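Here is the structure we will look at, set down as structure tokens.
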Amino acid sequence: MTLYQDLWSQLPIPALLVTGDDSVRELNLAAEQFLGISAKVILGQPIWNYLRGEELLPAGMERVRATARPIVISQVTTHGRATAPQSCAVHLCPLAGAEGQILILLIAHETLGNFFGESAPVSAAHSAIGMAEMLAHEIKNPLAGITGAAQFLSLSLPAEDLEMTDLIVEESKRIVSLLDQVEQFGDVTPPNCTYVNIHDVLDRAARSAVFGFAGEVEIQKKYDPSLPEVWADVDQMVQVFLNLIKNACEALGSEGKITIRTFYDPSLRLPLPDGTGRRLPLHVEIIDNGPGLPTALANHVFDPFVTTKNNGKGLGLALVSKIIAQHRAWISVTSQAGLTNFRVSLSVQKESRS
């Protein structure tokens, strides 16, 4: 293998080379995984049979050929025939000395987040931990006194006045329940990781969901049976996926479908403080066909107290992000009307912590 071929095959960004008539001349392994198809099938075929998305892509190709200058489309949603839509930055570059040929680089925004700084989930987790330490202790103690006083007063009140003391007790209990969830953010104990079959974890979460809150929602499983075990805390991972399934169910209401999909893609790396990269090749997607996330909240769903639900607390996804950050894993979300996809990317190797 030549140096060029080696670099091309190892490039972690999906890359395709197309000819003047938009047929695929070459693609690397990351592009095969992005499109969900092998090179044997796609080589020589029109790219638009396999690369789907917005009209910005073919329009951008025409512009590159007309001007012979590279362009960058900063945000476009694209995907393969059977892969989930992803928000990407797309680089289109004319190939010198080869008229009409264009190099396409597809850089998912979640990958850009990994390359250029701390992720939103990690940031949200850090904020939540500080908030928990401050609030939980200071508020729960006086609430216990308020609840006790209201219960004592109710013993001497006439029946027509009990409604007020009952309200105080019930609302105090509700706030304590909220603070119990907030308090979980203050737990910085490292996950108790072992090698885990991710499908056992997902089955356990799905089973709890069906018997608890998802009885009327169709849950479809699309598992890759060849996946290796992941390095994770079983109970915490069950909590992660149970929260994600519950979030999807609440978005769907009484009808709809949730798809749980697993697959292997070695192209994602999470940069570490020592300058190395942690491979996160095993991916789990929780996909629902609900209305999608409001645009204004799409970039803040992992922040604490951000919610679209009337009676929601906005802590479920923030807690999920904290657990994922403790595992040095990755979570991302893409959403549009009719398709919301939460993707969790995990390591399959034991991590030694200093």
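The values are calculated or read from the model by the stated rules, or taken from the named source; none is laboratory data. Here the structure is a predicted model, which is why all the values come from computation and not from measurement. A quick note on method: Cβ atoms are made from the backbone with ideal geometry, for glycine too, and the neighbour counts reach across all protein chains shown. Protein only, heavy atoms only, side chains kept; ligands, DNA and RNA dropped before computing areas. Shrake-Rupley method; radii C 1.70, N 1.55, O 1.52, S 1.80 Å.
Quick look at the values:
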{"item": "Residues being touching a residue at least 40 places away in the same chain (Cβ under 8 Å) and open to solvent by 50 Å² or more (accessible area, probe 1.4 Å) - total across the range 41-79", "result": "1"}
{"item": "Scope the range 149-162; condition surrounded by 10 or more Cβ atoms within 10 Å (Cβ to Cβ) and not small (G, A, S); matching residues", "result": "Q151, F152, L153, L157, D161, L162"}
{"item": "Filter result for the condition that a residue is at pLDDT below 80, open to solvent by 60 Å² or more (accessible area, probe 1.4 Å) and either under 17 Å from the mean Cα position of the chain (by Cα) or closer than 21 Å to T334 by Cβ (or both), over T295, T307", "result": "T295"}
{"item": "From the options T259, T194, residue that is polar (S, T, N, Q) and more than 20 Å from the chain's Cα centre (by Cα)", "result": "T194"}
{"item": "Number of positions in the range 236-251 that are open to solvent by 30 Å² or more (accessible area, probe 1.4 Å) and without any contact (Cβ under 8 Å) to a residue 40 or more places away in the chain", "result": "1"}
